[in-house]
Structure formats: C-alpha cells, structure tokens
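K.L.:
Take a look at this one; I'll ask things after.
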Amino acid sequence: MVGRVRLATAENLATELILPALPEFRRLHPGITLELVTDITTVNLHRRDADLAIRMVKPERGHVTLRRLGTLGYGLYGSVDYAAQRKSSPDAGDYDSDAFITWGEMQSHLPAAQWSERILQGREPALTTTSVSTQVAAARAGLGLAVLPHFVALNAGLVCVTSALGVDQPIYLVIQTDVTQSGRIRAVADFMADLVTRNRTRLSGS
C-alpha cells in the first residue's frame, strides 16, 4: 500500500502515545506516509480536514463511522514539592489555598477547564495556557495544580492529588464513511485502534 493518510488527534495523544509507536507502523507499512494534524479544535472530517481522527468528542454531523476505543482519564496534578507543601485537604474538596493552572477563554468549554472554574469560584488562576504541554511544564515548575490526563502527567513525574474529578472522556476513532474501504486508511485505523486498546489501562489511569 502506498499513499498519504491524514490523521487528526489531540497533541497529547500524538506526542505521548502515537509518535513513539510510529516506528512499528513504518515497519509494517513503509509505503504509507502519515500526516498528523494536532489541534485543540475539532477537525471537520466532512470538510476533508482529515481522513480519520482519534478524539474525545462525538461528531455532531457528517457521514462518519464511529467506534469507541477506550477512556482518557484525568486527575489533578502538581509537582512533588507542591504536593508535599499543600495545606488544603483534598478529601474535603478544599482547594482554597491552592493555585491553579488552567485553560484560556477560548478553551473554556473543555471539561477540565469547567472543573477548574467551578473550584476557583471567581478566584483568578495562577496561569492560563492553550496547550496540555505548557500546563505540564507549569505544574512541574511548581506554579500550582492542573487537571491533566493521567498518562501525560505521570510520564512527567507529577503527583496526583485526586482523580475523582468526573471529567474522564471517551476516546473515539472516527472515519469518513466514503473512505472506509481504502486499504491504507484501514491500515492506519486498525493500527491506531490496536494501539489504544493495548494502552487502555495506561490511558484511563485505572
């Protein structure tokens, strides 16, 4: 099989899960060139922005094939030093003394952003950013707590304060219906589905 396939996904899934597995994919399918599109916004498959996607939001329109692959689990994370110095009681849900790293206004619809907003209750966060990677870096620097995917935060050496946030998200494989019979697209879809399945425990944090 020869050709290009465009895969859209979140940056954290791309950097922490997909990219490390691509040497294996290249050995299996050396003729396929993968175009990886990472964006916090939802790529529109109907407009042909991508051939397939691994994402956490169901498409609301368009002719697509949808398959749930697993769950992306989230927790509240901070640096080792920050976690050791905390004065609040996580068991009581008391975060009045904590600083928070959260999303900017353009990403306020995200479940992680909404959880932080509820906890802050009008207080200003220590920092807002527009990417998971910058939130991880800020948490590692000790700026405060951030709601992060377990598998990303643990890889970064952060400490989980609590995982009882209620913001876990389903992981979906979405493919344009009119390209499902393409051999190269099926090859990418099957590889990615297997990759997520093999890493279900790691991704969910359970």
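The values are calculated or read from the model by the stated rules, or taken from the named source; none is laboratory data. Note that the structure is predicted; figures quoted are calculated from it, not measured. Every residue, glycine among them, receives a Cβ derived from its backbone with ideal geometry; neighbour counts consider all protein chains shown.
K.L.:
Across segment 103-114, which residue is nearest to the chain's Cα centre (by Cα) among those that are within 16 Å of residue 164 (Cβ to Cβ) and surrounded by fewer than 18 Cβ atoms within 10 Å (Cβ to Cβ)?
P.N.:
Only one residue fits best here, namely 111.
K.L.:
So which of 181, 176 ends up being without any contact (Cβ under 8 Å) to a residue 40 or more places away in the chain and more than 30 Å from residue 82 (Cα to Cα)?
P.N.:
181
K.L.:
Taking segment 149-179 as the region of interest, how many residues are among the charged types (D, E, K, R) and surrounded by fewer than 16 Cβ atoms within 10 Å (Cβ to Cβ)?
P.N.:
Of the residues in that region, 1 qualify.
K.L.:
Also, quick follow-up: Go through (1) closer than 20 Å to residue 108 by Cβ; (2) in a helix (DSSP H, G or I) for residue 153 and report which single condition fails.
P.N.:
Result: residue 153 fails condition (1) only.
K.L.:
Quick one: how many residues across segment 167-200 are at pLDDT 95 or above and either of a type in the set (Ser, Thr, Tyr) or assigned to a loop (DSSP other than H, G, I, E, B) (or both)?
P.N.:
Residues that pass the stated criteria total 5.
K.L.:
Related question: Among the residues of segment 4-34 satisfying the criterion of being of a type outside the set (S, T, N, Q) and in a strand (DSSP E or B), which is surrounded by the fewest Cβ atoms within 10 Å (Cβ to Cβ)?
P.N.:
4
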